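The values are calculated or read from the model by the stated rules, or taken from the named source; none is laboratory data. The structure displayed is predicted, hence computed values, not measured ones. Cβ atoms come from the backbone with ideal geometry, glycine included; neighbour counts cover every protein chain shown. The protein model used for the area step is the full one, side chains on, heavy atoms only, and it has no ligands, DNA or RNA in it. Shrake-Rupley method; radii C 1.70, N 1.55, O 1.52, S 1.80 Å.
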Amino acid sequence: MQQITLYGHPDSGHACKVALALDLAGIAHDNTLVDIWADPQTRPARFLANSPFAEVPLLLIDDAPYVQSGAILLEIAARFGTLGGESAAGQRRARELIVWEANRIGMCLPQIRYAAKVNGAGFPAGSLDWLHARYDVDRQNFDKLLGEAPFFHGDQPGVGDCAIWGYVQWVDEIGVAATDKMRRWIDRMSALPAMKTPAAFFPQH
Ligand SMILES: N[C@@H](CCC(=O)N[C@@H](CS)C(=O)NCC(=O)O)C(=O)O
């Protein structure tokens, strides 16, 4: 049987995306916490040997490493034929959603969230305004991409929903406006039986 290990941290929406996908698909795995706020050199040796930037998420399938949350999600969908990976149309949808998320909503929301944590230290003048302006476009495009379906992949959530969940789960904490459609999608995602809080995905033992 394959041994699957996900390295992550509850503050990492990128890691939450992958943890959610594995649980939604019912793929047996272990989650291992990596302290992303500690000196990288203190992180587990197996993690450092396999994550080129010492970043989470890292997925190990047996001894094969997979990094970059969007690429990991696409690997899960294709390898296990799940969460959109079952059909050519589902795979195309997954690619489009994941690339959009990484370029847009998954770029500005983590930065706005991090800026609040460090009180804006290191953010050049005007950069937060620029990030907020981008998010205003992104939330309108969120509505366009979702359309009238309950999930981005249609009647059931797929890896694209997992990707978008990564940071949209925190819109209220971040203090940015959600659209009505976004709020209803958040409610549907929150109600999924496989859904967990970030702390439950990556418990601090
Ligand atoms: N583009 C990467 C981003 C990964 C990333 O930024 N990980 C952060 C946590 S969200 C991290 O591990 N930071 C710790 C560090 O850089 O030392 C992905 O999609 O997986």
Scan the range 104-126 residue by residue and report those that are among the aliphatic types (A, V, I, L, M) and more than 14 Å from the chain's Cα centre (by Cα). I112, A115, A116, V118, A121, A125
Is it true that some residue in the range 38-52 is near the ligand (Cβ under 9 Å from one of its atoms), outside any helix (DSSP H, G or I) and in contact with a Pro (Cβ under 9 Å, 6 or more places away or on another chain)? yes
For the range 1-31, which positions are free of Cβ contacts under 8 Å to residues at least 60 places away in the same chain, closer than 12 Å to L59 by Cα and either open to solvent by less than 50 Å² (accessible area, probe 1.4 Å) or among the β-branched types (V, I, T) (or both)? I4, T5, L6, Y7, L22, H29
With the requirement that a residue be open to solvent by 50 Å² or more (accessible area, probe 1.4 Å) and not charged (D, E, K, R), what does the range 114-135 give you? Y114, A116, N119, A121, G122, P124, A125, L128, W130, H132, A133
Yes or no: the range 75-95 includes at least one residue that is within 14 Å of the ligand (Cβ to nearest atom), under 18 Å from the mean Cα position of the chain (by Cα) and either open to solvent by 60 Å² or more (accessible area, probe 1.4 Å) or at pLDDT below 95 (or both). no
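Counting only residues that are of a type in the set (S, T, Y) and assigned to a loop (DSSP other than H, G, I, E, B), which one in the range 54-94 is farthest from C16 (Cα to Cα)?
Of the residues in the range 54-94, the ones of a type in the set (S, T, Y) are 66, 69, 82, 87.
Add one more test, that the residue is assigned to a loop (DSSP other than H, G, I, E, B), and what stays is 82, 87.
Values: T82: 18, S87: 25 Å.
Within the range 54-94, the match that is farthest from C16 (Cα to Cα) is S87.
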Mind checking which pairs have a first residue in the range 46-75 that is farther than 17 Å from D35 by Cβ and a second that is within 8 Å of the ligand (Cβ to nearest atom) and in a strand (DSSP E or B), Cβ under 7 Å, 6 or more apart or different chains? P52/V67
